[in-house]
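Asker: First, the structure itself, so that you have it in front of you.
Derivation of every value follows stated rules applied to the coordinates shown; laboratory data play no part. In this text the structure is predicted, and so the values were computed from the model without any measurement. All Cβ positions, glycine included, derive from the backbone under ideal geometry; neighbour counts span all protein chains shown.
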Amino acid sequence: MGLGTEVHDSTIQLVLEKGKTIEFIGPADITCETTDAIVNAANSSLLGGGGVDGAIHRAGGPAILAECKEIVSKIGSLPAGKAAITTGGRLAAKHVIHTVGPVYYGGDQGEAEKLASCHRESIRLADEQGLESLSFPAISTGAFGYPVPQAAAVAISSTVGALTSANHVNKVRFVLFDVGTFRAYARAAEEFLRSNSVSTSRIEKARS
């Protein structure tokens, strides 16, 4: 199914088997999400930073940073492609899943696999916690320099695979900061549907 005018509504969803969905919204603020968890595009230090990372820490308050410091005291830095979970603090979401995306060096340094791992590990961790929904930002597409169209393709393919095999997670939402990023993810969703014979049924306008 072509996207047609649905892109201009700034909300579409990719419908999988068993009623599982991957939703794309934008422009939107991930700190306002009411899913069970939101995903933070974190630095390996887990001590906060700019962009999405800083916004989540500011909105969620000091409880998030306190738990991040506990994690760092046990494991040291969090490697790219891995994930850790904390409270959501003052956020509507009860949990924050922190994952470290790869810095983009041209695509030949294993960036795609690390980015795919961010999505797989975040969904796996949410599923282990019995969570049913989580929201992702466009990981690595800001200061880390990953081109949005390529990042979108990796994010969608890895999310479909992880969501299909999850026992509890049934909804993933990509919360995209601006219209350009939303459109890139929408195009990548359409291309994925056209190119892959997996248990994906359709793209449709999401219900509010």
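Asker: To check you understand DSSP bridge types, tell me what percent of the beta bridges within the range 4-205 (both residues inside) are antiparallel, rounded to 5. Each step should come with its number before you reach the end.
Answerer: Details: 15 of 31 bridges.
Around 50 percent of the beta bridges assigned by DSSP in the range 4-205 are antiparallel ones.
Asker: Treating cross-link reach as a plain straight distance, find the lysines whose alpha-carbon is under 27 Å from the alpha-carbon of Lys82, omitting any fewer than eight places away in the same chain.
Answerer: Lys20, Lys69, Lys74, Lys94, Lys114, Lys171
Asker: Rounded to the nearest 10 degrees, what's the angle between the helix 148-165 long axis and the longest principal axis of the chain, both from Cα atoms, 0 to 90?
Answerer: Taking the Cα atoms of the chain, the angle to 148-165 is about 90 degrees.
Asker: On a 0 to 90 degree scale, rounded to 10, what angle separates helix 51-60 from the longest Cα axis of the chain?
Answerer: 70
Asker: In addition: What list do you get for Ile30, Ile203 if you sort them by fewest beta carbons within 10 Å? Please list the in-between numbers first.
Answerer: On the way: Ile30 26, Ile203 23.
Lowest count first: Ile203, Ile30.
Asker: Then there's this: Tally Lys/Arg at +1 and Asp/Glu at -1 over every other residue whose Cβ is under 15 Å from the Cβ of Val175; what's the total?
Answerer: Working: positive: Lys171, Arg173, Arg183; negative: Glu23, Asp29, Glu33, Asp36, Asp53, Asp178.
Charge balance near Val175 sits at -3.
Asker: In degrees from 0 to 90, rounded to the nearest 10, what is the angle of the helix 62-75 Cα long axis to the longest principal axis of the chain?
Answerer: On a 0 to 90 degree scale, this one is about 80.
Asker: Separate question: Place the peptides 68-75, 110-117 in order of packing, highest mean first, counting for every residue the other Cβ atoms within 10 Å and averaging per peptide. Spell out each step's value before the answer.
Answerer: Working: 68-75: 13.6, 110-117: 20.0.
Highest to lowest by the protection proxy: 110-117, 68-75.
Asker: Using a Gaussian network model of the chain whose springs link C-alpha atoms within less than 10 Å, name the residue from Gly51, Gly89, Gly26 with the highest mean-square fluctuation.
Answerer: Gly51
Asker: Now, a different point. Could you compute the net charge surrounding Ser133? Neighbours are other residues with a C-beta less than 10 Å from the C-beta of Ser133; K and R count +1, D and E count -1. Don't jump to the answer; show the numbers that get you there.
Answerer: Details: positive: Lys171, Arg173; negative: Glu23, Glu33, Asp36, Glu132.
Every neighbour counted, the sum reads -2.
Asker: Here's a follow-up. Using a Förster distance of 41 Å, how high is the FRET efficiency between Ser77 and Glu204, based on the Cβ-Cβ distance and rounded to 0.05? Before the final figure, lay out the partial values.
Answerer: Numbers: r = 41 Å, r/R0 = 1.00.
That gives a FRET efficiency of 0.50.
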